[in-house]
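Worksheet: one structure, shown below.
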Amino acid sequence: NAGVTQTPKFQVLKTGQSMTLQCAQDMNHEYMSWYRQDPGMGLRLIHYSVGAGITDQGEVPNGYNVSRSTTEDFPLRLLSAAPSQTSVYFCASSFGLMGSDYGYTFGSGTRLTVV
Amino acid sequence: SQKIEQNSEALNIQEGKTATLTCNYTNYSPAYLQWYRQDPGRGPVFLLLIRENEKEKRKERLKVTFDTTLKQSLFHITASQPADSATYLCAFHSYSGAGSYQLTFGKGTKLSVIP
């Protein structure tokens, strides 16, 4: 089925470890983004990309890196995990920055716990 | 800074009634406003997008209005059903500088439809 696929669904990390959250879409969307969702804070933008080779920072980029080598994939790297990065992470994609009449398509999320 | 607020964290409504959710924004004039539905443990799902020159938009039992004078969007679910119980998020594209835009979300309103 077409959509946004995130892996893994759950992850526990120790403080200081690094890891990559994977995101892939098969809808040929130009725009992809990563959000984190915390209780009482809502969804906050971490990084986004408007096309292969182009990335930019969102509201809360510190501690995260991204790259976009293909249209389909947009991995999120945690460089040195901290307990403050415990959250649910969502990847989203759309045809364009403004979303069009189809809005953004979100993945099912990765629930990350840093101990 | 741009701000988006959903005035109720939770709303309980009797089955069959019309649910009305409110989204207010400040310090910005978005050209588009979007509404999403989020179920527990899942990613947001796009429902409707309304443009600043559209006063109202409908999709089945859903209706969205956009009042640029009041800086407010209303989201209505008519003939509500228990299956409509979920958290509803509004979002708009805000300018983040240097030609970049980001989709900013409200914290959501949790709707419970009581049989």
> Residue check, A:Gly63 against (1) modelled with pLDDT of 95 or more; (2) within 11 Å of another protein chain (Cβ to nearest Cβ), all met but one. Which one?
Replying inline: (2)
> In this structure, does B:Ser29 turn out to be assigned to a strand (DSSP E or B) and among the small types (Gly, Ala, Ser)?
Replying inline: no
>> For a quick check of your reading: which strands (runs of 3 or more DSSP E) sit entirely within segment A:1-73 and have at least 1 residues that are under 17 Å from B:Pro44 (Cα atoms)?
In response: A:4-7, A:19-25, A:31-38, A:42-51
> Consider A:Pro8 against the criteria (1) at pLDDT 95 or above; (2) surrounded by 15 or more Cβ atoms within 10 Å (Cβ to Cβ): it satisfies all of them except one. Which criterion is unmet?
Replying inline: (2)
>> Let me spell it out: the conditions are (1) touching a strand residue (DSSP E or B) at 6+ places or on another chain (Cβ under 7 Å); (2) open to solvent by 40 Å² or more (accessible area, probe 1.4 Å), and A:Gly63 meets all of them except one. Which number is the exception?
In response: (2)
> Is there a residue being farther than 16 Å from A:Tyr104 by Cβ, among the aliphatic types (A, V, I, L, M) and not in a strand (DSSP E or B) anywhere in segment B:47-68?
Replying inline: no
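The values are calculated or read from the model by the stated rules, or taken from the named source; none is laboratory data. Model, not experiment: these values are computed from the prediction. When we count neighbours, we look across all protein chains shown, and the Cβ atoms used for this are built from the backbone with ideal geometry, even at glycine. Side chains included, ligands, DNA and RNA excluded: accessible areas come from the protein's heavy atoms. Shrake-Rupley method; radii C 1.70, N 1.55, O 1.52, S 1.80 Å.
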